[in-house]
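Asker: Handing you this structure, nothing more for now.
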Amino acid sequence: MAEQSRSLEARLRAVEDRLEIYNLIAGHPPSADTGNAAYAEAVYAEDGVFDRGPGLAGAAGNKALGALLKSDAHQAAIAGGLAHFTGLPHTALDGDKAVVTSYLQILTPKKSGEAVEVPNHGASRGYHIHRLVTNRWELIRTASGWKIKRRVIRPVDGSDGSREILRQALAGYA
Amino acid sequence: MAEQSRSLEARLRAVEDRLEIYNLIAGHPPSADTGNAAYAEAVYAEDGVFDRGPGLAGAAGNKALGALLKSDAHQAAIAGGLAHFTGLPHTALDGDKAVVTSYLQILTPKKSGEAVEVPNHGASRGYHIHRLVTNRWELIRTASGWKIKRRVIRPVDGSDGSREILRQALAGYA
Amino acid sequence: MAEQSRSLEARLRAVEDRLEIYNLIAGHPPSADTGNAAYAEAVYAEDGVFDRGPGLAGAAGNKALGALLKSDAHQAAIAGGLAHFTGLPHTALDGDKAVVTSYLQILTPKKSGEAVEVPNHGASRGYHIHRLVTNRWELIRTASGWKIKRRVIRPVDGSDGSREILRQALAGYA
């Protein structure tokens with residue numbers, strides 16, 4: 001009985017881990033699109049790294065992560081209308097570590113072009129999908145919840161970087 | 001043992017709540033895109049409110065919600081091809097209440113422009129993201145499952161309404 | 001006590017099923033966008049069917065599914081930059097069977113048009129949503145996990161095929 005209870009507890013904990021991780025990923029867009037630095041600081045490990053690839057500034061350390069959201073450039077993007085839109089993530093849990101692989105769109109309202117009318121849904125010029133990236137989130141369990149140790153994103157542009165992130169998610173199938 | 005079992009039960013129930021809530025959110029697009037009024041009536045509280053902001057008709061009461069889906073205007077939108085596309089929602093459960101914060105795209109097929117060919121994926125003029133909104137869903141537990149007490153949406157257009165919804169989701173981080 | 005424990009076990013198993021199914025759906029885009037045939041072969045039943053509707057080649061049998069991903073045409077699509085982007089799926093679990101209903105976008109980088117600059121997010125011509133489809137996934141539980149018995153997709157183009165898939169998901173509400 002004790003054995004079985006322990007097993008139920010372990011299974012339940014794994015399920016809770018999965019859901020906590022979903023929420024961590026789902027909290028990222030609200031944080032990015034409002035410039036909530038405190039959230040970024042809370043969910044990244046102190047030495048957490050955000051690797052955006054060549055050409056875009058990343059950050060090392062949760063304080064630097066928060067500062068990125070407070071930068072003038074990021075605030076300007078928010079003022080123009082910015083949406084991080086995340087698909088259903090793939091999660092691989094391994095005890096006190098987890099890897100999440102997800103797709104993310106970054107959208108802004110179109111500034112030009114003709115407005116389209118849709119019945120019961122108003123008129124709109126629509127949205128521009130500015131970036132579409134694959135994400136690898138390496139997470140660790142800490143006393144204060146799951147934290148991001150390393151996040152890597154690469155744009156879907158035909159080059160191999162984004163595919164490499166996806167391949168790692170399914171490395172068990174080859 | 002009884003104590004521990006109760007605790008497991010309570011934790012399991014919270015997990016089931018989360019998954020039921022995911023399904024409630026995931027059921028919204030099929031309902032909206034087929035005009036299934038019965039679904040809307042079932043998942044909204046009798047006095048549930050849908051607040052679409054200034055400029056678009058909302059509804060108060062689950063019957064009015066259903067009627068909105070049956071309206072000529074909404075049926076015309078469906079006939080033209082309509083897709084509500086929801087990202088991964090953020091959920092905050094608090095006993096018999098829950099708040100979900102999510103992003104939603106509303107898309108229609110492009111009616112003009114050049115078709116693009118993608119190997120193994122046919123030719124298409126593509127899709128127009130007509131609206132991109134943030135959603136706040138205030139839910140309550142009832143004897144017949146989780147119900148929507150109030151849903152507020154605001155467009156991502158640079159104004160503060162959509163950001164306010166996002167900020168509330170991360171109010172614990174400030 | 002045994003009764004209650006069994007009940008907890010059954011409930012926990014249903015929760016684990018739901019999360020395993022989420023991961024199965026979330027694993028599809030990485031597989032499709034890298035041409036990982038082994039994944040497709042593993043998650044489809046041996047006699048699993050992929051029905052893409054009239055106009056696009058589907059496949060019957062998990063080996064044929066894998067071969068589709070290895071085809072020259074599919075590899076060419078991948079080389080150009082290909083992203084399958086899945087929304088939050090609706091799941092209906094019934095013992096050893098399950099039905100998942102989901103929306104899927106298939107995107108490619110725009111090959112023409114003007115680049116747009118977004119502060120802190122670089123310049124980009126943006127992405128073309130090439131296809132937007134509804135998906136019905138009929139799953140079965142096997143000794144080696146949940147498998148896809150039949151997957152049907154239909155484009156959102158105003159015709160009834162995609163709506164029929166959505167209607168089935170909410171057949172209990174009519």
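The values are calculated or read from the model by the stated rules, or taken from the named source; none is laboratory data. This structure is a prediction, so every number in the text was calculated from the model and none was measured. As a convention, Cβ positions derive from the backbone with ideal geometry for all residues, glycine included, and neighbour counts pool all protein chains shown. Quick note on the areas: whole protein, heavy atoms, side chains included, nothing else; ligands and nucleic acids left out. Shrake-Rupley method; radii C 1.70, N 1.55, O 1.52, S 1.80 Å.
Asker: When you scan region B:89-107, do you find a residue that is over 17 Å from the mean Cα position of the chain (by Cα), open to solvent by 20 Å² or more (accessible area, probe 1.4 Å), closer than 25 Å to residue B:21 by Cα and within 14 Å of chain C (Cβ to nearest Cβ), even just one?
Answerer: No, region B:89-107 contains no residue that is over 17 Å from the mean Cα position of the chain (by Cα), open to solvent by 20 Å² or more (accessible area, probe 1.4 Å), closer than 25 Å to residue B:21 by Cα and within 14 Å of chain C (Cβ to nearest Cβ).
Asker: Quick check on my filter: what residues within region A:120-146 are within 13 Å of chain B (Cβ to nearest Cβ) and part of a strand (DSSP E or B)?
Answerer: Matches in region A:120-146: A:123, A:124, A:127, A:128, A:129, A:130, A:132, A:135, A:137, A:145.
Asker: Which residue is least open to solvent (accessible area, probe 1.4 Å), if the candidates are limited to region B:152-170 and must be of a type in the set (Lys, Arg) and at the interface with chain A (Cβ under 9 Å from one of its Cβ atoms)?
Answerer: B:163
Asker: Of all residues in region A:128-140, how many are free of Cβ contacts under 8 Å to residues at least 40 places away in the same chain, open to solvent by 20 Å² or more (accessible area, probe 1.4 Å) and over 14 Å from residue C:123 (Cα atoms)?
Answerer: 1
Asker: Among the residues of region C:108-122, is any closer than 29 Å to residue C:41 by Cβ, surrounded by fewer than 20 Cβ atoms within 10 Å (Cβ to Cβ) and at pLDDT below 95?
Answerer: no
Asker: Can you tell which of C:77, C:26 is modelled with pLDDT of 95 or more, more than 20 Å from residue A:25 (Cα to Cα), open to solvent by less than 10 Å² (accessible area, probe 1.4 Å) and within 11 Å of chain B (Cβ to nearest Cβ)?
Answerer: From the options C:77, C:26, the qualifying one is C:77.
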